[in-house]
Amino acid sequence: MAGGSGRPSDEATTGDPPMEQVRAGYCWDRPSQGRPVWEMAVQTKDSNNLKWYAFEFVVVCIGQYGDIPKIPEFPNNKGPEIFKGKILHTIDYCKLNKEAASQLLEGNKVVVVGYKKSAIDLAVDIAQANQGAEGKPCTMVRLGVSKLMESLLWKLPLKKYGLKPDHRFASCQIATVPENFFAEADKGNIVFKRASEWWFWEEGIEFDDNTKTKTDVVILGTGYNGMEKLKTILPEPFRSMIDYPYGIMALYRGIIHPLIPNMAFVGYVESVSNIRASELRSKWLARLMGEKFKLPSTEIMVEQTLRVMELMRRTTKFFKRPCAATFSINQADEMCEEMGCQL
Ligand SMILES: Cc1cc2nc3c(=O)[nH]c(=O)nc-3n(C[C@H](O)[C@H](O)[C@H](O)COP(=O)(O)OP(=O)(O)OC[C@H]3O[C@@H](n4cnc5c(N)ncnc54)[C@H](O)[C@@H]3O)c2cc1C
């Protein structure tokens, strides 16, 4: 389960029925009062026993990437069921050992669907496993709505490969490419296909421009469903409000949901450096817990959070990935001011 900042209560029990998840009547302006607020069930692998613990405060840091893969949906008779080759998601690929990965890639025609970090790293793996006369090029399918922004935009041959993004820099649609990505593309070991839609046929995949490609393996680099993962651990009514109103989390300072008491979320704001964004937020949270400063009222947090979301919505069409890249200096200044320190 998610990490808690309190210690397990002395009354942790095994196999007890779930009790009330949240004790009512708690105010956000007093984060830690020494009494349990959340009860969490913990189940260890290979055990059917649930252990219940009570915490004053829970910090959720279960990550946005991993655990629940995003799998595209297909029309009838155009899905994985008709494809004769192998299909897997990057979540399955990363579980393969070296030998199994080589077996999957070497000498096979592989299509990678997606155009962000997992897909880019994977394309290089595939190209390197397919060197020499017997090697087959890897095809990267770039979906219409998924654009690549390189950190070194002006230095990279994006136009040459038809990869120049249409969107502005104001989003977290940034991926740092591995060193030899463009070298492999130059050698013809990675080829690119842009499509708005695609689906399976018996021997490969077909695109909305009526072209088809034959392939042995399709690897979906289509990302993860971090929001669904969060929903699996939150009880109602919080589960339903977590992605209101725009399908993203409305977090004050990227950490606190104004309507979810005694819980914080770390790791849910992306930036050019996620580690930096999370480190600053962890420090802010530690000071909040240490009562070095107080949260504003719920109303002010809601108002401020909605204002930031609205600004993001107007700034970038990729606002559904909470991103501090464009406003990171401003946000860091505000957080520092609140916790009374300078960066
Ligand atoms: C291919 C790829 C490349 C990336 N490259 C970069 C990069 O170069 N730079 C960068 O800043 N970021 C990068 N990221 C993003 C990176 O994942 C995050 O920056 C970082 O891992 C976030 O750390 P985290 O601790 O929040 O989450 P995670 O590292 O995802 O850790 C979450 C942990 O929680 C566990 N967990 C999940 N659910 C539960 C549960 N119910 N109970 C208990 N435990 C649970 C998970 O098993 C996992 O161990 C990349 C992501 C991907 C997928």
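We did not get these values from a lab; they are worked out from the coordinates using the rules stated. Values in this document were obtained by computation on a predicted structure and should not be read as measured data. Reconstructed Cβ throughout: ideal geometry from the backbone, glycine too, with neighbour counts over all protein chains shown.
Measuring max minus min along each principal axis, the C-alpha atoms of the stretch 191-343 give extents of 62, 36, 27 Å (largest first). Across the stretch 220-227, rounded Karplus estimates of 3J(HN,Hα) from the backbone phi angles (6.51 cos²θ - 1.76 cosθ + 1.60, θ = phi - 60°) give 8, x, 9, x, 10, 9, x, 5 Hz, Gly and Pro being marked x.
The peptide list 41-47, 193-199, 263-269, put in order of mean Cβ contacts within 10 Å with the highest first, becomes 263-269, 193-199, 41-47.
So how much slack lies between Leu50 and Glu299, counting 0.36 nm per residue of separation and subtracting their Cα-Cα distance, in nm? Don't jump to the answer; show the numbers that get you there.
Numbers: separation 249, 0.36 × 249 = 89.64 nm, distance 3.69 nm.
Extra length from Leu50 to Glu299 when fully extended: 85.9 nm.
Each residue in Trp284, Trp201, Trp52 was given a count of other beta-carbon atoms within 10 angstrom of its own, and listing them fewest first yields Trp201, Trp52, Trp284.
Residues whose amide H comes within less than 5 Å of that of Val58, counting only those at least five positions distant or on another chain, are Ser5, Met263, Ala264 (H built at 1.01 Å from N in the peptide plane). Taking 0.36 nm per residue of sequence separation and removing the Cα-Cα distance, the Ser273/Cys341 pair yields an extension gain of 22.4 nm.
When each of Thr232, Thr215, Thr315 is scored by the number of other beta-carbon atoms lying within 10 Å, the sequence from fewest to most is Thr232, Thr315, Thr215.
Given the C-alpha centroids of the stretch 37-89 and the stretch 238-289, what is the distance between them in whole angstrom? Cα centroid to Cα centroid, the span is 20 Å.
Which of the peptides 106-116, 67-77 is most tightly packed, and how do the rest follow, judged by the mean count of other Cβ atoms within 10 Å per residue?
Values: 106-116: 21.3, 67-77: 12.5.
Those peptides, ordered most packed to least, come out 106-116, 67-77.
Each of Leu122, Leu96 has some number of other Cβ atoms within 10 Å of its Cβ, and from fewest to most they run Leu96, Leu122.
Which residues among the stretch 83-113 fall inside the zone where the amide N is under 17 Å from a point 7 Å beyond the Cα of Glu134, along Cα→Cβ? Backbone N within reach: 99-110.
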